[in-house]
Amino acid sequence: MPDVSVQSRRFRPEGFGAQGLRLNWFSPLPPARTAIGHYALLVLPALARHAEVTVWTDRPYWPTELEGHATVRQWDGRSWPELNSADVTLYHIGNNARFHGWILDVARQHPGVVVLHETRLHELFAAQLLDNAPDETAYLSAVRQCHGMAAVLHAQRFVRGEATAGELADAIPLTELALERARGVVVHTRTAFREVAALDRCSALQLELPYTAGPPPARRERDGVLRLVVFGYLAANRRLHSLLEAIATFPGRQQLRLDIFGELDDGEPLADRIRELDLGDIVQVRGFVPEADLDDVLGRSDLAVNLRYPTMGEASHSQLRIWSGGLASLVTRTGWYAELPPETVGFVDPAKEVADLHDHFRAALAQPETLHAMGEAGRRHLETRHDPEIYVRDLLAGLDLMTKTPGSILGEAGASVAGIVAASGIRGSARAALVRRAAEELCRWTAVPASGKG
Amino acid sequence: MRLLIATAQVPFVRGGAEMLADGLQEALTAAGHEAEIVKLPFKWYPPERLLEQVLAARLFDLTESSGTAIDRVIGLRFPAYLLPHPNKVLWLLHQYRTAYDLWGTELCELMHAPNGEEVRDAIRAADKAFIPEASARYTISTNVATRLKAFCGIDAEALYHPPPAAALLRSAPAEDFLFLPSRFNRTKRQLLIVEALALCREPVRVCFSGLADDAAYARETRDRIDGLALTGRVDWLDSISDEAKIDLYARCLGVIFAPIDEDYGYVTLEAMLARKPVITCSDSGGPLEFVRGGETGLVVEPTAGALAAAMDRLWQDRVTAARWGEAGRERYDRLDISWERVVATLTRDA
């Protein structure tokens, strides 16, 4: 390394704006089969007009179109100087360890703003702590820390193989673990906002998931057949088995067709079930469809079935895609979906899924024009509420506030002191005096906000 | 007065800061005060240790000792200057620089820690919260005061002190070498001087002395000397006695001192006391408070080419070099740099 000069870097003005916002963005990117990658492609062009963005990925390849908006780099596990020299780091976290495990590793070491695409993170943490180098103690300790001893009993069922990670997502969401070092959290649903606000770990911001509506869709002519479509990442909570049962037991089942596009969690059992229910001529499993072909798929369909139960606390990129295509859709009356305007979707009650699906099938076959009206209402809703420009404007305003609040490290110091004192065996007034003195000094220390970047 | 000098020390490491604390204690004692040095052991890694030491410093009670009041605490070094006392005066050597002016540079080890930014912000918050508690704030140089103002918005006044061997430094006829007595590390830029030496048109010779506290850098510099075939023009003396150093100061043609943003820089003052001109750089910090370009030495851009030209100039024009050396000594004398003045200022009623 040559000798250096520090002159040019001295006394840099502080705060956003002086030299433009510098931002790190950790996210899965296409071709990873997650909608969060597409979300990145939607937001980054708008964001890049206001900030200097470095996108970090765990893969050695990425969509070249991104390079017009941001610097794209593969995370090497040690580029902390680059992270430390930015104004803020955004971590996009969802429940799939394959896409988000590496991001979580970084987020738990370096402070930043967490964009939670799902709040039920049990599957993510279970995979992180139990899959590769199993550490049951760490897993159970995390559960106890977030949800108390009662939750540990549930978690032990999972460890023993008596329950799946997904089944425990509601009881053990572990959301708090993703926010350990967060200076702020961004969510996309009111339900998620209430949940993270209740945790009281950091500032929370709710934004509407962004989406750029495509050209107005061409809808197919009605022909007396109701063409259903399911697409996306097809985890167990997508209710495919309920949907198959509803189709199989529907009196006019020969008027139904179902195309299933996407990556299946349980391909073989689903194929078996289709055979058992004798649905081979009605249901087609077509596998993953490239994003570019999805418009055609939606254009050939009458009704999208976009169920989630249990919900992982997410807003649905797939739902925005459906609205963009002007397609009618059915959603579970839960989480974010339950908050949607009733004219834009048809609701399915998780307690009576099959009956509700039958009602919707019947109504759609009897009055196909209602599907058209629902599709149009959805598209209008998308155009007015989910514009990426609005999203970026509100995101930047939120980040500015979040990064002006002091980092969490002093709070951790306080917690460490409390932990040490608690473990020391010191009792009574001596303990009270010690804790009071440490607390006094920490309060004095944190009374002055930490500076911005310098 | 009963005074405590509060400083921090990396155990087993002794440098300029320790000499300054000793000098201050001696001067306070000579002035009739009762003075002791309190040294907090300092460890800067992992970064969380820095914050623990801030908190630890804040938990000391130095208001009295064995029932007798401690009249004043003089805070010198991070984090010891954060010790609470109702009558505290600061004489800052420097803040924790990697959290400030060195942040974002190649010299900042804190940047390489995942939580570096959080630790940096917490250090800044501590300085902003606790430095204003002092009833009076001085720094060892204007450079340190400028940083304090720029980063923390806190005013302080520079208070200069003499280098440790001030009374012993003398002058002798100039011989054919430039001198740099300094620890070998990247901030002192010995390698840049070697690069410059290779560009000199005159047969300039340089004498380095001082231990290497960055062995890799010292090795790199030695390799460069070999690579540039400069072995015959560089004397590398490692550690030398105070007497030897004083002798080299006396006999050199001039002193070349090109550090990166030095806080203060005893080398400059020692050269002035020995009536020698000083070559320094425009980003060298503390030396710029003393060196007047074209009057007491030369101030040049931190490039090998600019340094080479300056070295050639001293080599060619011995008369001017001697005149600048004399002017440097006169300037030092006019600045009224003395321990008496330091003691009077630091013990003055705030």
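The values are calculated or read from the model by the stated rules, or taken from the named source; none is laboratory data. Here the structure is a predicted model, which is why all the values come from computation and not from measurement. Every residue, glycine among them, receives a Cβ derived from its backbone with ideal geometry; neighbour counts consider all protein chains shown.
Below are the figures for this structure:
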item: Residue ID - nearest to the other protein chains (Cβ to nearest Cβ), chosen from residues in region B:119-145 that are of a type in the set (S, T, N, Q) and assigned to a helix (DSSP H, G or I); result: B:ASN143
item: Check on A:HIS69, over 20 Å from A:LEU177 (Cβ atoms) and either more than 14 Å from every other protein chain (Cβ to nearest Cβ) or touching a helix residue (DSSP H, G or I) at 6+ places or on another chain (Cβ under 8 Å) (or both); result: yes
item: A:PRO28, sole failed condition from (1) crowded, with 19+ Cβ neighbours inside 10 Å; (2) in a helix (DSSP H, G or I); (3) not hydrophobic (A, V, I, L, M, F, W, C); result: (2)
item: Matching residues in region A:291-313 - criterion: being assigned to a helix (DSSP H, G or I) and either buried (at least 20 other Cβ atoms within 10 Å of the Cβ) or of a type outside the set (D, E, K, R) (or both); result: A:ALA292, A:LEU294, A:VAL297, A:LEU298, A:GLY299
item: Filter pass, A:LEU256 being surrounded by fewer than 20 Cβ atoms within 10 Å (Cβ to Cβ) and within 19 Å of A:GLY224 (Cα to Cα); result: no
item: Candidate set from region A:108-136 (those that are farther than 20 Å from A:ALA169 by Cα and touching a Ser or Thr at 6+ places or on another chain (Cβ under 8 Å)); member that is farthest from the other protein chains (Cβ to nearest Cβ); result: A:VAL113
item: Condition check for A:ARG273: surrounded by 14 or more Cβ atoms within 10 Å (Cβ to Cβ) and either free of Cβ contacts under 8 Å to residues at least 60 places away in the same chain or touching a Phe, Trp or Tyr at 6+ places or on another chain (Cβ under 8 Å) (or both); result: yes
item: Cβ pairs under 8 Å, 6+ apart, first in region A:425-443 and within 16 Å of B:PRO84 (Cα to Cα), second of a type in the set (D, E, K, R); result: A:GLU441/B:ARG58
item: Single unsatisfied condition, B:LYS128 versus (1) touching a Gly at 6+ places or on another chain (Cβ under 6 Å); (2) of a type in the set (D, E, K, R); (3) surrounded by fewer than 21 Cβ atoms within 10 Å (Cβ to Cβ); result: (1)
item: Any hit, region A:407-420, residues being away from chain B (no Cβ under 11 Å) and modelled with pLDDT under 70; result: yes
item: Residues satisfying the stated conditions in region A:85-107, i.e. assigned to a loop (DSSP other than H, G, I, E, B) and more than 14 Å from every other protein chain (Cβ to nearest Cβ); result: A:GLY94, A:ASN95, A:ASN96
item: Residue match in region B:202-216 (condition: outside the structural domain of B:ARG97 (by TED's automatic domain parsing) and without any contact (Cβ under 8 Å) to a residue 24 or more places away in the chain); result: yes
item: Candidates B:ALA122, B:ALA150, B:ALA172, filtered to the one that is surrounded by 18 or more Cβ atoms within 10 Å (Cβ to Cβ) and of a type in the set (Gly, Ala, Ser); result: B:ALA122
item: Among the residues listed as B:ILE260, B:ILE240, B:ILE193, the single one being closer than 27 Å to B:GLY328 by Cα and surrounded by fewer than 22 Cβ atoms within 10 Å (Cβ to Cβ); result: B:ILE240
item: Unmet criterion (only one of (1) crowded, with 24+ Cβ neighbours inside 10 Å; (2) more than 22 Å from B:THR98 (Cα to Cα); (3) hydrophobic (A, V, I, L, M, F, W, C); (4) over 14 Å from the mean Cα position of the chain (by Cα)) for B:CYS281; result: (2)
item: Unique residue being aliphatic (A, V, I, L, M) and more than 22 Å from B:HIS161 (Cβ to Cβ) when the list is B:LEU76, B:LEU59; result: B:LEU59
item: Region B:104-118, residues that are within 7 Å of chain A (Cβ to nearest Cβ) and in contact with a Ser or Thr (Cβ under 6 Å, 6 or more places away or on another chain); result: B:GLY104
item: Pairs with Cβ under 7 Å, 6+ apart, first in region B:269-284 and touching a residue at least 24 places away in the same chain (Cβ under 8 Å), second outside any loop (DSSP other than H, G, I, E, B) and among the acidic types (Asp, Glu); result: B:ARG275/B:GLU326; B:SER284/B:GLU262
item: Breaking point among (1) at pLDDT 95 or above; (2) more than 14 Å from every other protein chain (Cβ to nearest Cβ), for B:ASP223; result: (2)
item: Residue match in region B:42-60 (condition: within 14 Å of another protein chain (Cβ to nearest Cβ), closer than 22 Å to B:LEU346 by Cβ and in a loop (DSSP other than H, G, I, E, B)); result: yes
item: Residue among A:VAL4, A:VAL55 that alone is modelled with pLDDT of 95 or more and either outside any helix (DSSP H, G or I) or among the hydrophobic types (A, V, I, L, M, F, W, C) (or both); result: A:VAL55
item: Number of positions in region B:205-238 that are within 23 Å of B:ALA310 (Cβ to Cβ), outside any loop (DSSP other than H, G, I, E, B), in contact with a strand residue (DSSP E or B) (Cβ under 8 Å, 6 or more places away or on another chain) and among the charged types (D, E, K, R); result: 2
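To keep it simple, each residue is scored yes or no on (1) of a type outside the set (D, E, K, R); (2) modelled with pLDDT of 90 or more; (3) in a helix (DSSP H, G or I); (4) not assigned by TED's automatic domain parsing to the domain that holds A:TRP25.
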{"residue": "A:LEU129", "(1), (2), (3), (4)": "yes, no, yes, yes"}
{"residue": "A:ARG144", "(1), (2), (3), (4)": "no, yes, yes, yes"}
{"residue": "A:ALA150", "(1), (2), (3), (4)": "yes, yes, yes, yes"}
{"residue": "A:LEU153", "(1), (2), (3), (4)": "yes, yes, yes, yes"}
{"residue": "A:ALA178", "(1), (2), (3), (4)": "yes, yes, yes, no"}
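Condition check ((1) surrounded by fewer than 14 Cβ atoms within 10 Å (Cβ to Cβ); (2) without any contact (Cβ under 8 Å) to a residue 24 or more places away in the chain; (3) on the phi > 0 side of the Ramachandran plot) across all residues:
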residue	(1), (2), (3)
A:LEU207	no, no, no
A:PRO210	no, no, no
A:PRO216	yes, no, no
A:LEU264	no, no, no
A:GLY280	yes, yes, no
